[in-house]
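The values are calculated or read from the model by the stated rules, or taken from the named source; none is laboratory data. Bear in mind that the values here come from a model prediction, so they are computed numbers and not experimental data. Quick reminder, even Gly has a Cβ in these numbers, built from the backbone with ideal geometry, and neighbours come from all protein chains shown.
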Amino acid sequence: RKEVEQDPGPFNVPEGATVAFNCTYSNSASQSFFWYRQDCRKEPKLLMSVYSSGNEDGRFTAQLNRASQYISLLIRDSKLSDSATYLCVVNIPGGSYIPTFGRGTSLIVHP
Amino acid sequence: GAGVSQSPRYKVAKRGQDVALRCDPISGHVSLFWYQQALGQGPEFLTYFQNEAQLDKSGLPSDRFFAERPEGSVSTLKIQRTQQEDSAVYLCASRLGQHSNQPQHFGDGTRLSIL
């Protein structure tokens with residue numbers, strides 16, 4: 001079982017739709033969570049950090065559920081330009097906390 | 001401002017050759033990470049430096065992989081006797097401090113193809 005799991009999708013939604021992704025993690029001592037966006041053949045770029053109380057940045061909302069060990073990303077009013085792969089990052093304890101990626105969820109927004 | 005710079009952008013090598021990949025992190029960033037990303041997968045952790053100290057190398061797939069950051073700035077990932085399964089994108093990321101609550105910043109990656 002992988003330490004960080006994501007549904008690879010693709011999620012295929014029309015413009016204007018609301019879409020949500022989850023990311024589960026196995027180590028309950030994990031901390032510091034992030035969502036990154038990766039466009040085809042490009043590097044991952046920070047979308048937002050995930051705070052315990054939940055946080056919002058425009059059309060994007062991130063939440064952390066420690067009890068069930070998952071984080072979520074909600075995108076409202078989807079735009080064509082939101083089409084990308086969304087990667088979650090979980091810092092997993094070891095000797096150091098290591099930022100560990102899920103495999104990513106592919107989102108395709110169509111007209 | 002200058003971001004994380006990786007070179008070369010593309011590298012083609014024959015099986016059995018040695019390759020060296022360079023990462024120039026954001027100036028002043030303490031933490032540096034190397035990841036390997038296969039097609040359709042997320043980045044897989046290889047190794048982590050805090051300044052010049054290699055604190056974690058648990059993700060290096062074999063003893064053919066070696067990384068260094070001798071002066072706590074530029075880092076080099078070396079792969080000896082390359083194999084076809086080493087073909088992937090190698091991503092470098094830097095982070096301002098040692099704390100995990102700070103985000104990483106990624107370079108464009110080096111796309112390595114082993115023939």
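When you scan segment A:41-52, do you find a residue that is among the hydroxyl-bearing types (S, T, Y) and modelled with pLDDT of 95 or more, even just one?
yes
Output the residue which, of all residues in segment A:99-111 that are touching a Phe, Trp or Tyr at 6+ places or on another chain (Cβ under 8 Å) and surrounded by fewer than 21 Cβ atoms within 10 Å (Cβ to Cβ), is farthest from B:G97 (Cα to Cα).
Checking each candidate, the answer is A:I108.
What are the residues in segment B:93-115 that are within 16 Å of A:K45 (Cβ to Cβ), more than 7 Å from chain A (Cβ to nearest Cβ) and buried (at least 21 other Cβ atoms within 10 Å of the Cβ), if any?
Matches in segment B:93-115: B:A93, B:S94, B:R95.
Can you name every residue in segment A:66-88 that is in contact (Cβ under 8 Å) with a residue 60 or more places away in the chain and within 13 Å of the chain's Cα centre (by Cα)?
Pass one, segment A:66-88, residues in contact (Cβ under 8 Å) with a residue 60 or more places away in the chain: A:77-80, A:86-88.
Correct list: A:Y86, A:L87, A:C88.
Select, from B:G40, B:G16, the only residue that is at pLDDT below 95 and not hydroxyl-bearing (S, T, Y).
Selected residue: B:G40, the only one of B:G40, B:G16 that is at pLDDT below 95 and not hydroxyl-bearing (S, T, Y).
Considering only residues of segment B:25-66 that are farther than 27 Å from A:C40 by Cα and of a type in the set (D, E, K, R), which is surrounded by the fewest Cβ atoms within 10 Å (Cβ to Cβ)?
B:D63
For segment B:83-101, name all the residues that are without any contact (Cβ under 8 Å) to a residue 24 or more places away in the chain and touching a Lys or Arg at 6+ places or on another chain (Cβ under 7 Å).
The answer is none; no residue qualifies.
Before we move on, is B:Y10 surrounded by 13 or more Cβ atoms within 10 Å (Cβ to Cβ) and touching a residue at least 12 places away in the same chain (Cβ under 8 Å)?
no
Among B:R22, B:R69, B:R9, which is the only one that is farther than 26 Å from A:C40 by Cα, basic (K, R) and more than 10 Å from every other protein chain (Cβ to nearest Cβ)?
B:R69
Here's a check for you: in segment B:33-65, which residue that is over 20 Å from B:R111 (Cβ atoms) and aromatic (F, W, Y) is farthest from the other protein chains (Cβ to nearest Cβ)? Working first, answer last.
Filtering segment B:33-65 for residues over 20 Å from B:R111 (Cβ atoms) gives B:48-58, B:62-63.
Next, only the ones that are aromatic (F, W, Y) stay: B:48-49.
On the way: B:Y48: 6, B:F49: 10 Å.
That would be B:F49.
Would you please name the residue that is farthest from A:P99 (Cα to Cα), looking only at residues in segment B:84-100 that are in contact with a Gly (Cβ under 9 Å, 6 or more places away or on another chain) and of a type outside the set (A, V, I, L, M, F, W, C)?
Of everything passing the filter in segment B:84-100, B:Y90 is farthest from A:P99 (Cα to Cα).
Go through (1) at pLDDT 95 or above; (2) surrounded by 17 or more Cβ atoms within 10 Å (Cβ to Cβ) and name the single condition B:Q83 misses.
Here B:Q83 clears every test but (2).
Condition test on B:Q80, is it touching a residue at least 40 places away in the same chain (Cβ under 8 Å) and over 16 Å from B:L21 (Cα atoms)?
Details: touching a residue at least 40 places away in the same chain (Cβ under 8 Å): yes; over 16 Å from B:L21 (Cα atoms): no.
Answer is no for this residue.
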